[in-house]
Structure formats: C-alpha cells, structure tokens
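Inspection log for the structure reproduced underneath, given as structure tokens.
The values are calculated or read from the model by the stated rules, or taken from the named source; none is laboratory data. Computed from a prediction, not measured in an experiment: that's the story for all the values here. Every residue, glycine as well, gets a Cβ built from its backbone with ideal geometry; the counts of neighbours run over all protein chains shown.
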Ligand code: SF4
C-alpha cells in the first residue's frame, strides 16, 4: 500500500520528515499508554494539533447536555477525547504563501477537513474537524511544499507576523521580510525556546505610524528604523518587549531604540533565555512575558538580557543571512503600467478599487486586498485564487491579521481583469479594511473557551453594514470592528475602534449571551492604545449598539476629529448612557425566546459547553520532554528488533539511555552538550558519584547498564543480546523517571 | 483498492430551500438522535463562503452538508472514518447513509413539498488523492464498483458514468440513469 511518507520522501526536508515520523510514533505510544497524557498534549500542541469545542465528549443540545460516545475511550490530553475532531494550526511566517502551497492547502482541507481554510488573526491558517491520526500525513503533505505546523500552538514561539505590505509599502523604512524570515528560521525548534511557561508572539513592522505590524501588542516587536550616517542609509530596529492582549492588555515597552540587525537574533535568543529562566511557570495567568517585564521593570529586564547576551555562545546564523540581504527582493511578474481611462470597467469595479486597492511604492503597481468573510475560503476558491495569483503576480500573496489576503505587484492596467477574475470565484467583496471587514476569532463555533458567538455576530454585522455601506459617512466607513468570543482577545478587540468580547449575564432566570463593548482602541501606530470598556450588552442588541455609536460619532464629532479622540473626549459616562437602556429591560423568554439565543445558533444559550482551554498548554520541562523522547527511542528499538535490524535496535536502545541521562543533567544546567562521552561523564559525576540516581533497593544497578554499553560498544551480534539491552534501557529510563521525580521534589 | 475517504452527492430537483434553513433542522437531529448509525457532533454554518460546504452536520463517521452548487442545492456525504468490506460494500454503506439522510430531510415538516432530491443521478468523489488520484486509470479502477452500485440502486443497467473533473480537483464521477423515473 502506498503512503504519503514514501511518496513524498524526497520532497520533505530530512529534519522535518524525521520530526513528523517522531510525532507519528508518539501518537502510537500514546495509543498504547506509553506516553503520559499531559506530555502528549503539550507535544501535539507544539506540532500545531489543538483541541476543539466538544472534544471533552459532551455537548449541550439546547435542552440538556448529551454525552458524545466516541468509539475509543482514549484521551489525547486532559479531558480531551482521542477521536473528537480537533483543530490544526498551520504557520505561515509573515503571511507569505505561494500558489503551490495554496494548492496543497486546498487539497488537504477537502480531504481531511471540511473544505474550508480559515485565516487567523496571526496570519496562520487553521483547519477544523481534523482527526488526530490524520495529522502526520497532513504535516507531510504540507512539509513537501515548505510549510510547517511546528510550534504553531503550545508554550512556544508562535507564528511570526509582519506587515503584509512589507517591501511594497510607500511608508516603510525598509522591507522587514528577510529579517522576519531569518528570525523565524532561527527560533523554530531552538533549544532555548523549549522551556517557556507560556507562548511568545513576535511581530515586525516597517514603520511606526501604521497598524499593519501591531508591534505594540506583542511579546516582542521589531519596528524598522532607517538612519542616515555619513550619507549612508543604516538599518536597525526599535525593539519593543512585554506587550500583549489577553484579559489585561499591556503596551510593549521600548527595549532598544536602534538595535543593529546583527544583534536582532542574539538579542531574541537572550530574551528567550531570560524568559525561560525567570518567567512564571506555575501560575498560568501570570506566565506571559508581559508579566515578567512588568515585574522586573524594563531597565532590569534589559540588563538581564544584555548580561545573557554577553555569555551566549557564538552562532553563525546570527549574521549569515545578512550577506544575502543585498540580493533579496521580489521580482514583479509583469512590467508596471497605468490604468487607462479608456478601458471599459466592469460593474462594481470602482467601489472595489476604492476600498480594496492601494498604490504600491513602486510606480505602476498596486496592492490588492482580497476580503474574506470571517477569514474563510473554500478549497475550490483557494485553488482558483492560486491560479489568479500565478496569472497576475507570480507568487506574491500574503495573509493578513485582518483575515484577508493581499496580492502585491499587480500591474495597474490589470486591475479590471483581476477584479473580474476574483468576482468569478466569489472573492471580490468590497469594503476591505473598512467597518464592513469585521474581524472575529472562532468563538463558540469551534473554540473550547468561547462564551459568545463571535463569528455569528461578525457575520450579522458584516451583512448589515455591507447593505448600507454606500450611504455611510466616510469617517464611519474607515472604522474597524473586531470581535472575540471571550476575554482572551484572539479577535484583537482591544485595538479596534469598536471592539466586543463575549461574556454572559443572567436575566429573568436565564443565561443570556452578551458582548462587552470596548471603544476607542487604536489600530494605527502599531496598535498604539487600547480601548475603553463601556458595558455588557445582550448579544442580539449589539447591531443597535453599533448604530448608536456610529451615529453619535457622525453627529457629534468635531471637525477632523478621529474616532479615538472622539471617544476619549466624550468619555465613558456619556458613552455608557448612550447604550444603557440596551443593557437592561430584557424581554421575557416567552415574549422573545430568540433574545436568549446567540447569533447563528438556534439552541438556548448555555455556558456548559465551555471546556478547558489549551492556549496555555501544559508546563512540561525540557527534562520531561527528553525523558519522553528516551521512551520513544526505546520503543523504536523494539520495533527495529522485531524487523531484525539489530544494529539500529542496539543503537536506539543505547541512545535512549544517553537521552534519559541528558534529561537528568538538564535539570541541573541547561546547555548540555550532545556528545555521548560528555553526557555519560556528567551523569557519572552528578548522579552516580553523588548517589542521586540511587534507588532505595536497587542502588546504582540500573546505571551500570548505561556504563556497560557505553564502555563495551555495540552488542548487536544476536537478537538475544539486543533484546537484553532493550530491557535494560527500559529499566534505566524507569529509574531516570524516578530520579527526576525525586530531584524535582527536592 | 484502499479508498476509505470518499464523498457521495445528490442534487435536489428544485431549489426552494436555502442551505441556512438546515441549521435548526440539524440541531434538532442532534437533540433527537435522528441518525442512529452516526455520532452527531455539531452543526456548522459556512453559507458565507461561495462554493463552500454550506450547512454542515459534523458527525464522527462523516459529514453531511447542504450547499448551493451551480445554482442547485446539493446534499453531500463525506465519509471520514474507516469502513469495513470491499470497495463496493464501502460505497454501498456511504450511499445508504446519504440516501437515508436525503429521505429524512424530505420528510422534515418544514421541507415537506418543498424539497425533493433527484435520484436519477449521483456523484461519487474520491477524497483521497493518494489511493485514488484523478486519473483515467483510477476512473477505470472505480468503474466496476460504481457499476455494481448503480445497477443495484437504479434496478437496471442503463446508466452512464462520466468523469470530467478538472486537473487539480479530486476524481469525481457522475453516475446517471438513462431511464427517467
Ligand atoms: S478569544 Fe476566546 S473564544 Fe475567541 S478564540 Fe480566543 S479563547 Fe477562543
């Protein structure tokens, strides 16, 4: 029987292929109960395999909670049923994707998911309704076109975002793309990024004034700064740290006003080390980098990072990419052109052009936004979009944090034909980057933590606002609405002009879906300020809130006053009075049962479907991961033995013992070398000589198995000796687990 | 042939019912455990996506979706989990699930006299580009099983099998009876 593993072997980078094979083995280990459920949960999260609503095996049907009796009783994490459909997040660094990748993404969506690709607010893609056992093949198919899911979730460095207009924006200081790529590659799987208490989000921006990079709401944000010295342009970054949204938003603090490019990677690594070492691990609500920066103060944090920087071992990768920079640049597919006035324009073109097309810094070219309702597009559309991209721009397309695509390098004369082609595939919606283009997180549709239907509300607002967009005041048109299904802010509501996050209230004895109204967040200046909480309004009345607020803005703003300033000027009291009666006076259930349901969901509203979120992942130490790896290797040794591959089995069994020793040493210091000689020496010194490894009854007996094999070399002459070694390795690993637990307690 | 992931689709005769109307119906199906042989999980509304899955009933075994395609309402069953038996048996099981759902939908009080599916033709789609890619050879491999299925379903052997899916699309075969009911 053919397999994707065989079929794509030559197309997948060797290290990625090996990682996916390992993950597949970990799935098998979990199935036979040989991998702890929490370790497996964090392992799969770090491979982008996330939970989804109802995966705890129950769902409220509007009347009562029903048990979902999945065939296998196995769990893939705490309270997460093995067979329950899950989500798979796919990293798209800085949103850069190619038509060939789009083709494969489309194939995977229709074969394993529901034929939908969802663009997230971090420029990723997400698939929903995926079975965990399908994930290794999906990963292989994506890896074969250069896409990884590694560290898309879990306590790791998440997808790195950047302005989708980088390189073509007239306002940028310089193109941040190659730096974003270099930092992505450098941090992916980096040993210093494996021991975080929570995730780390990084963003790049080409300028200070616009919003595209949203640097100020990131754990780490790099803002391009160009200086001129002795007549020469010099590039650097204003580096910000400790920003973040979540329940309590934090603005990032300036770490360095002008960090030279050669320091970007080592400083990022130093920040990772300081965060890994000093960041909170136990209290998950306080574990993001923003809390550490706030606790230490930016000066002390900066001092610690630079101190770490001084002792970092040199790494060629810090600067090697800089040599390629002069050669970097996108080549347009077509020559520049202008849109002649004589051309007969398709119906609807002018409106689309007004909202979805921007001039590029390179004359004769345009940037086109393809607006995706709720960030969704079908497999069929994706494939056709890939062809459109090939036809007009070659491969220059990026996803955006507003859940859209942008096509760059569109030769201006092509715009009408491009519009017609997009129209044909249902991708020519107007109103991109306006109030109509509502952003929403998955909310109660698929998120385990969702309280209210963010997507349902977003769709309702989008439909209503689109219907009246022609008569809309220009000042209102340019506002942004963003919706999150709960306080966790994945919809980025804090930085919208009008933001909402889901919560609930009890009215007339019933739970009623609500949205908290947040006004005046600043989208510009890289998300320069957060909005003001006004009050919680029942979900079904939110469209009325939008009408009242926007009407008031139109009628009461001062000449030239923008929305943020307007909100700040009139203040919370007046704003609240504007919506106060919508917060009260609920109709009775009998009078209007629809009031007690959420948008797009005919069930009576309930909070009972909320599960345990996986955003925070599981705190698993680097040692625990290494011990799990040792378990996997001894399992693989067994498989090789069964295939009569004695040499491989022998090597794997030995390696598993060395790996388990390394895990123990890591408890004491981080930078454990890879070489077996050094590991065994360190193990002897730190765990045998000190008797830390000693068991009450067996004393140092199991350690001798490692030392014996290490000194005597391979034993693979016959099946019996290898079998014996594998048994010994298993005993050694069990003893290492026990030793780890004892040391952890101490 | 190891084809496990496959889809089967029926079109409705007229389009008097819009896909969003199925959202409350599917919710009620879950509440009332309407499908005995499927573990129904949730309902998803993708009607904002042109040519998307429309209204989706997600089950462990396979998804049912109602969408507008080329102006017509279609009911698609996407089998996801492993089916026992030969290819013909697997096709049969999937087809039965689709027919059962189509009948139940037609009987829904809200849709009575408004919804009827055309059973003179159906589409079979390979959801597995590895084991059954979109090639002439795959079509020929599939032909015997499809013919068996069609003969049994139509009750005669006057039907045609046509495959004209685009190069990048999945293998998709239209099975059409030449005897009008
Ligand atoms: S904001 Fe809340 S509901 Fe929305 S995706 Fe994040 S955790 Fe889920």
Flag for residue A:415 being within 14 Å of chain B (Cβ to nearest Cβ) and away from the ligand (no atom under 16 Å from the Cβ): no
Which listed residue, of A:86, A:51, A:73, A:62, is more than 26 Å from the chain's Cα centre (by Cα), within 14 Å of another protein chain (Cβ to nearest Cβ) and touching a residue at least 40 places away in the same chain (Cβ under 8 Å): A:62
Subset of the range A:103-126 [part of a loop (DSSP other than H, G, I, E, B), within 8 Å of chain B (Cβ to nearest Cβ) and in contact with a helix residue (DSSP H, G or I) (Cβ under 6 Å, 6 or more places away or on another chain)]: A:115
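Table: residues versus (1) under 19 Å from residue A:29 (Cβ atoms); (2) within 16 Å of the ligand (Cβ to nearest atom); (3) not assigned by TED's automatic domain parsing to the domain that holds residue A:19.
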position: A:601; (1), (2), (3): no, yes, yes
position: A:604; (1), (2), (3): no, no, yes
position: A:607; (1), (2), (3): no, yes, yes
position: A:627; (1), (2), (3): yes, no, yes
position: A:640; (1), (2), (3): yes, no, yes
position: A:644; (1), (2), (3): no, no, yes
position: A:649; (1), (2), (3): yes, no, yes
position: A:655; (1), (2), (3): yes, no, yes
Qualifying residue in the range A:363-372 (condition: more than 16 Å from the ligand (Cβ to nearest atom), surrounded by fewer than 24 Cβ atoms within 10 Å (Cβ to Cβ) and either without any contact (Cβ under 8 Å) to a residue 24 or more places away in the chain or not in a strand (DSSP E or B) (or both)): yes
Looking only at the range A:197-212, and only at residues there that are under 15 Å from the mean Cα position of the chain (by Cα) and assigned to a loop (DSSP other than H, G, I, E, B), the one that is farthest from residue A:239 (Cα to Cα): A:198
Qualifying position, being over 30 Å from residue A:458 (Cα atoms) and either under 27 Å from the mean Cα position of the chain (by Cα) or assigned by TED's automatic domain parsing to the domain that holds residue A:419 (or both), among A:341, A:375, A:364: A:364
Selection from the range A:480-510 of residues that are in a loop (DSSP other than H, G, I, E, B), more than 10 Å from the ligand (Cβ to nearest atom) and in contact with a strand residue (DSSP E or B) (Cβ under 6 Å, 6 or more places away or on another chain): A:496
Odd one out for residue A:678, checked against (1) within 16 Å of the ligand (Cβ to nearest atom); (2) more than 14 Å from chain B (Cβ to nearest Cβ): (1)
Answer from A:545, A:554 - the residue that is outside any strand (DSSP E or B), surrounded by fewer than 15 Cβ atoms within 10 Å (Cβ to Cβ) and touching a helix residue (DSSP H, G or I) at 6+ places or on another chain (Cβ under 7 Å): A:554
Residue among A:272, A:294 that is part of a helix (DSSP H, G or I), under 25 Å from the mean Cα position of the chain (by Cα) and modelled with pLDDT under 95: A:294
Positions within the range A:444-479 being near the ligand (Cβ under 7 Å from one of its atoms) and surrounded by fewer than 20 Cβ atoms within 10 Å (Cβ to Cβ), in sequence order: none
Verdict on residue A:567 being more than 23 Å from residue B:20 (Cα to Cα), surrounded by 17 or more Cβ atoms within 10 Å (Cβ to Cβ) and outside the structural domain of residue A:199 (by TED's automatic domain parsing): yes
Selected residue [assigned to a loop (DSSP other than H, G, I, E, B) and under 30 Å from residue A:270 (Cβ atoms)] from A:173, A:185: A:173
So residue B:55, is it within 21 Å of residue B:113 (Cβ to Cβ) and not in a strand (DSSP E or B): no
Matching residues, the range A:89-102, being crowded, with 18+ Cβ neighbours inside 10 Å and within 13 Å of chain B (Cβ to nearest Cβ): A:99, A:102
Test: residue in the range A:210-223 that is at pLDDT 90 or above and out of contact with any strand residue (DSSP E or B) (no Cβ under 9 Å at 6 or more places or on another chain): no
Of residues in the range A:511-524 being more than 16 Å from the ligand (Cβ to nearest atom) and closer than 25 Å to residue A:585 by Cβ, the one surrounded by the fewest Cβ atoms within 10 Å (Cβ to Cβ): A:511
Filtered residues of the range A:419-443 (kept if free of Cβ contacts under 8 Å to residues at least 60 places away in the same chain, surrounded by fewer than 23 Cβ atoms within 10 Å (Cβ to Cβ) and either within 16 Å of the ligand (Cβ to nearest atom) or at positive phi (or both)): A:426
Matching residues in the range B:158-173 - criterion: being surrounded by fewer than 16 Cβ atoms within 10 Å (Cβ to Cβ) and closer than 23 Å to residue A:379 by Cβ: B:162, B:164, B:166, B:167
Selection status of residue A:662, in contact (Cβ under 8 Å) with a residue 12 or more places away in the chain and closer than 14 Å to residue A:630 by Cβ: yes
Residue within the range A:682-696 that is assigned to a helix (DSSP H, G or I) and crowded, with 19+ Cβ neighbours inside 10 Å present: yes
Lone qualifier among A:648, A:638 - being crowded, with 16+ Cβ neighbours inside 10 Å and without any contact (Cβ under 8 Å) to a residue 12 or more places away in the chain: A:648
Residues within the range B:44-77 that are more than 8 Å from chain A (Cβ to nearest Cβ) and in contact with a strand residue (DSSP E or B) (Cβ under 6 Å, 6 or more places away or on another chain), tallied: 15
Any hit, the range A:227-238, residues being buried (at least 24 other Cβ atoms within 10 Å of the Cβ) and either part of a strand (DSSP E or B) or at pLDDT 95 or above (or both): yes
